[in-house]
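Below is one structure; the comments refer to it alone.
The values are calculated or read from the model by the stated rules, or taken from the named source; none is laboratory data. Source: prediction; values computed, not measured. Note: ideal-geometry Cβ built from the backbone for every residue, glycine included; neighbour counts use all protein chains shown. For the accessible areas, the whole protein counts, side chains as well, though only heavy atoms, and no ligand, DNA or RNA atoms are used. Shrake-Rupley method; radii C 1.70, N 1.55, O 1.52, S 1.80 Å.
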Amino acid sequence: MQLPKDSRNEQLEAISLTKLSPLFPEDQFILKREIIDNGVDIRAEIKKDGFKLGFGFLLQLKSSESIEKNKDGSISKSIEVSNIEYLVNNAQPAYYCFYDNKEKKFYYQSLYELLTSLNRKNLSWDKQESITVRFKEILDSEAIEKIYKETLQEGFNKRKQSQFLTDQSHHLDNDYKFIINQKGDTYSDIENILFIEQKGLYLNQSLNWKKVIELHEKISETSLKSPTYYLTVAIAYFNTGNFFKSRIQLREAEKNISEIAPILIPHLKFYKLQLNNIFGFIEKIDYEDILSSSDLDNSLKNHLKLESIVSLKNNMYSDDNFVANEFENKIKVYLEQPKLEKRFELMALLELTTYYADQFICLIPQLSRQNLYSTIDERFKIINQNFTRIQREQLDLANNESDIYVLALRHFKFLIHFNAIATYAFQIKHPDNYWLEIEKLVIQASTFFSDIKQFENQLFSLQTLLEFYQFIENSEKENNIREQLKRFKQEIDLPYFQGKIDFILNGGTFIENIRDDFKSYRKEMNEIKKMNEELKELDKKDSFAKRIENGMTIELFPIDHFFIPNEKLDLFFNEIIGISDEELISHIIWMKEEDIIPVLNIYVEDIKNEGRENGNLEYKGISSHKNLYRIRKCLYENEIKRVEIKFPEF
């Protein structure tokens, strides 16, 4: 009797099917074997929470008794192009599975990944009879879960597409579109518009401006959008530094401003003012109009109040003692507000601490001249502790990264400026590892603000880095930051930023100025030291006047009393001292006749009055010292000698 013979291929096919089924959990999958094999061995359907969803995928099985592996551990198998085309036409997720009977393992390859690879290598692959597939991924529980998720997502996408097309057939008069990306994810205009209108302001508050812009740029320009939508997108563009696009969106929002919720109107006014300031249409922001709005929410109100107060801080630079009284008074009142949100309290404390830090840096030269070094040390410690305390409270509050990095940059700027003065003036230096840690954190801040495109703070972080490299005298890194600033200037073609960048690059940073000042100061000190040494030698060589007749005695503050013979009075007044005022000379001569010793302060280069004037306060630096040095030498060379004055004892 003749019967069909069994074959090893049929046995392997049966074995592979038997081994495959248990890999797919029954609560998630239904596997259906195809009776007629046209290129698909199994049609699978997925389940979720006990429901059959109707979403499915295809499996095509291959197997082998034993096979030689490639060097990378993969297994090569030839697949007919007609089979690939057939799976593509089924328009479902599909997978090739290969069973290695020797190792008792399944390998798999998704159709999507296979097509992506083929198209990258050779766009004409479909003209071949077959192609070689390299199986490398093992079909384990993790891979099964991945297949489940991919099928579920693909199913929802297809349903969304079908539903959208059905809805569109009833509304042919609108222009809403939907987009399918490379992965098959589907986005409809109406879905994205609603998301921005409902969630966009929250995303903006969370600094997720990029997400708002990403969704906006997927939506067709002709789709109908609300004023709230345009305002939300305008805010996102503003905070990422794209001020041109922000202005366009804000104009669209203004066209139907009556449709915007009253609570959002102040936001629109605020960003319009900011843009007008940036584009140079106004020189100064007037916050009063917005602050007077009855619909202003507390968050924006506190933000605007603080910005208004901070604008007063620079008044300190027009005061001799670097005090901005109005700023100090108003920010203290602001901090005393009942129920002030913690975030705004910390922001205000940061502004106040920054003000005291800037003020302290300006006062250090004055405190040094008065030898108040303990005061300098004490104030530095207090300001440093305040920065640290605010940082600790911000971290406890789990505040947004932007606030934390702004605080860090302000703190580092203060440390860099203070240590620059300490280094240049007192030769006090921190170890290198101290500065390496600061450099690392400033670079992190710069990268963060660059990523979220918050240009104001990005510029501040670049300026801080520039000053840091100037301070540690790393010219290579300094030049690199200068190039970044130049590129930044080209990218942000706005007067607001142009002026700031030009000032940083050309006007000189604090570090450059303080470094140059101390170089000049040290040079002057060396000159003064040399002049003082010469004057000491001159005093040793010079003798006191033996006769004080036929002339007059004058005190030349701050050095000594000198006797001027009558025949040398014109020389003394006109050439040595340089007094051209005849009335002043007559007054000095009159004092001599009244037995009064006149006084002239020779720190003053152009003497207008008799007397000490403001004494040592008339000293104006090296120019005053040079004047004193010149006069003393001229007196010596012209044999105008000192005279000892003996005051009567009482």
Label-to-label distance, nm, for residues given as Glu307 and Phe279 (7 Å Cα→Cβ offset)
1.6 nm
Residue order for Arg632, Arg369, Arg389 - accessible surface, 1.4 angstrom probe, largest first
Arg369, Arg389, Arg632
Any idea how many Lys pairs in the range 440-515 come in under 19 angstrom at the alpha carbon, given 8 or more places apart or on separate chains?
8
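What fraction, in whole percent, of alpha-carbon pairs in the range 566-611 exceed 16 Å separation? Before the final figure, lay out each step's value.
Details: 343 of 1035 pairs.
Above the 16 Å cut-off, the range 566-611 has 33 percent of its Cα pairs.
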Over the Cα atoms of the chain, what radius of gyration and what Dmax do you get, in Å?
41.7, 162
At a probe radius of 1.4 Å, what is the per-residue accessible area of Tyr496, in Å² to the nearest 10?
70 Å²
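Suppose a student asked you for the relative contact order of the chain, using Cα pairs under 8 Å spaced at least 6 residues apart; what percent would you report?
Numbers: 702 pairs, mean separation 38.6, N = 650.
That works out to 6 percent.
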Ranked by accessible surface with a 1.4 Å probe, highest first, in what order do Val88, Val643 come?
Val88, Val643
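Of all accessible surface on the chain at a 1.4 Å probe, what whole percent is carbon and sulfur? Could you put the intermediate results ahead of the total?
Details: 18300 of 37450 Å².
After summing per-atom areas, the C and S share lands at 49 percent.
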Suppose we look only past 16 Å in the calculated P(r) of the range 536-650. What percent of the Cα-Cα pairs does that tail hold?
60 percent
Once Lys and Arg get +1 and Asp and Glu get -1 on their Cβ, which of Phe279, Tyr424, Leu12 lies farthest toward the positive end of the dipole of the chain?
Leu12
Karplus-derived 3J(HN,Hα) from phi for the range 145-157 (6.51 cos²θ - 1.76 cosθ + 1.60, θ = phi - 60°), whole Hz, x at Gly and Pro, runs 5, 5, 4, 4, 5, 4, 5, 4, 5, 4, x, 5, 4
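Accessible area per residue for the chain in Å², computed with a 1.4 Å probe and the full protein assembly in place, what is it?
Numbers: 37450 Å² over 650 residues.
Solvent-accessible surface per residue comes out at 58 Å².
Roughly how big is the chain's charge dipole about its Cα centre, with Cβ charges of +1 (Lys, Arg) and -1 (Asp, Glu), in debye to the nearest 20?
Numbers: 87 positive and 105 negative charges, 473 e Å.
Here the chain has a charge dipole of around 2260 debye.
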Modelled label-to-label distance, Lys218 and Glu533, 7 Å Cα→beta-carbon offset: nm?
7.7 nm
Under 5 Å between amide hydrogens, which residues at least 5 positions from Ile602 or on another chain qualify, with H placed 1.01 Å from N in the peptide plane?
Phe557
Sequence-distant residues sharing a close amide H with Phe135 (under 5 Å, placed H)
Ile75, Ser76, Lys77
Residue-ordered couplings for the range 223-237, obtained by feeding phi - 60° into the Karplus form 6.51 cos²θ - 1.76 cosθ + 1.60 and rounding to whole Hz (Gly and Pro as x), are 5, 6, 9, 8, x, 5, 4, 4, 5, 4, 5, 4, 5, 5, 5
Could you give the length gained by full extension between Ile30 and Ser78, i.e. 0.36 nm per residue of separation minus their alpha carbon distance, to one decimal place?
14.4 nm
Report relative contact order for the range 50-95 in percent, whole number only (criteria: Cα-Cα under 8 Å, sequence separation at least 6).
59 percent
Accessible surface of Asp100 in the full protein assembly, 1.4 angstrom probe, to the nearest 10 Å²?
10 Å²
Grab the Cα-Cα distance for Lys104 and Asn526, subtract it from 0.36 nm times how many residues apart they are, and report the gain in nm with one decimal.
143.1 nm
Once the dipole of the chain is set up from charges on Cβ (+1 Lys and Arg, -1 Asp and Glu), the residue from the list Asn601, Asn566, Gly551 lying farthest towards its positive end is Asn601
Run down the lysines and flag those whose C-alpha is under 18 Å from the C-alpha of Lys626, throwing out any fewer than 8 positions away in its chain.
Lys523, Lys529, Lys530, Lys536
